[in-house]
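The values are calculated or read from the model by the stated rules, or taken from the named source; none is laboratory data. All values reported here derive from a predicted model rather than from experimental measurement. Backbone-built Cβ (ideal geometry, glycine too); neighbour counts: all protein chains shown.
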Amino acid sequence: MKGIKLKDLPSFLRTTDPNFFMLDFILGETEASAIVLNTFDALENGILRALSSMLPPVLSVGPLPLLLNQVHDNDLGQIGSNLWSEEPECLRWLDSKEPNSVVYVNFGSITVMTPNQLIEFAWGIANSNKTFLWIIRPDLVAGDAAILPSEFVTKTKIGACWQLEWGIGMEINSDVKRDEVERLVRELMEEEKCREMKKKALEWKRMAEAAAASPSGPSAMNLDKVINEVLLYPSD
């Protein structure tokens, strides 16, 4: 996996011990009829090719929400992929802001941090003076509730929208310092790097939509294979 370091893996997978129990769990998956992944070929082509050379049929069927959007059935209207309840006021708040003016902050569904890391990160964002949307899980702080200082909430109550749901993340060094966070936020919002990242994100968006497009998109075709060749295929 190009560019991936051991420290980038979740802590429960971070090991150099060949007898680690999670490795046994992963090896057990090679006995499955197929490996189904919520990704798409263009995004992780090299990894998917490598896995396909070692594992049972590897079928990429992502992004799943785009595939679900193509199913026009009123009975399926309540189906979603979020682990937390959606709060639509977040979208209304975003609609009131200028395009490309809001910083989106999310640590995903696994990452936890110390209370000090949370505070440093919070003040780094606040000191950048950029409008932001920060998704905070209830269990974001290890062994404690994610509680921010009252003075921080007071300072940012006009420029932030708080929600608790699962999204995507941005990597920050574990030794969090507010000055470094502020510098990174300004760099991402004001400098050339910002334009480059937005351009790349739009490219990935188009490729994801093409992958999920029915009937000829790779992910749509793979989903048909999962149904017809795996789920409906008679077992011995």
Exercise. Might you let me know whether the stretch 82-103 holds any residue that is in a loop (DSSP other than H, G, I, E, B), outside the structural domain of residue 225 (by TED's automatic domain parsing), more than 17 Å from the chain's Cα centre (by Cα) and at pLDDT below 85?
Key: yes
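Evaluate the stretch 128-150: report whether one residue or more is charged (D, E, K, R), at pLDDT 80 or above and touching a Cys at 6+ places or on another chain (Cβ under 9 Å). Don't jump to the end; show me each part of the working.
We begin by selecting, within the stretch 128-150, every residue charged (D, E, K, R); these are 130, 137, 139, 144.
Those left that are additionally at pLDDT 80 or above: 130.
Right, trim to touching a Cys at 6+ places or on another chain (Cβ under 9 Å) and you get none.
Within the stretch 128-150 (the criterion being charged (D, E, K, R), at pLDDT 80 or above and touching a Cys at 6+ places or on another chain (Cβ under 9 Å)), the answer is no, since none of the residues qualifies.
If you scan the stretch 105-118, which residues turn out to be surrounded by fewer than 18 Cβ atoms within 10 Å (Cβ to Cβ) and either part of a helix (DSSP H, G or I) or of a type outside the set (A, V, I, L, M, F, W, C) (or both)?
Passing the criteria: 108, 109, 111, 114, 115, 116.
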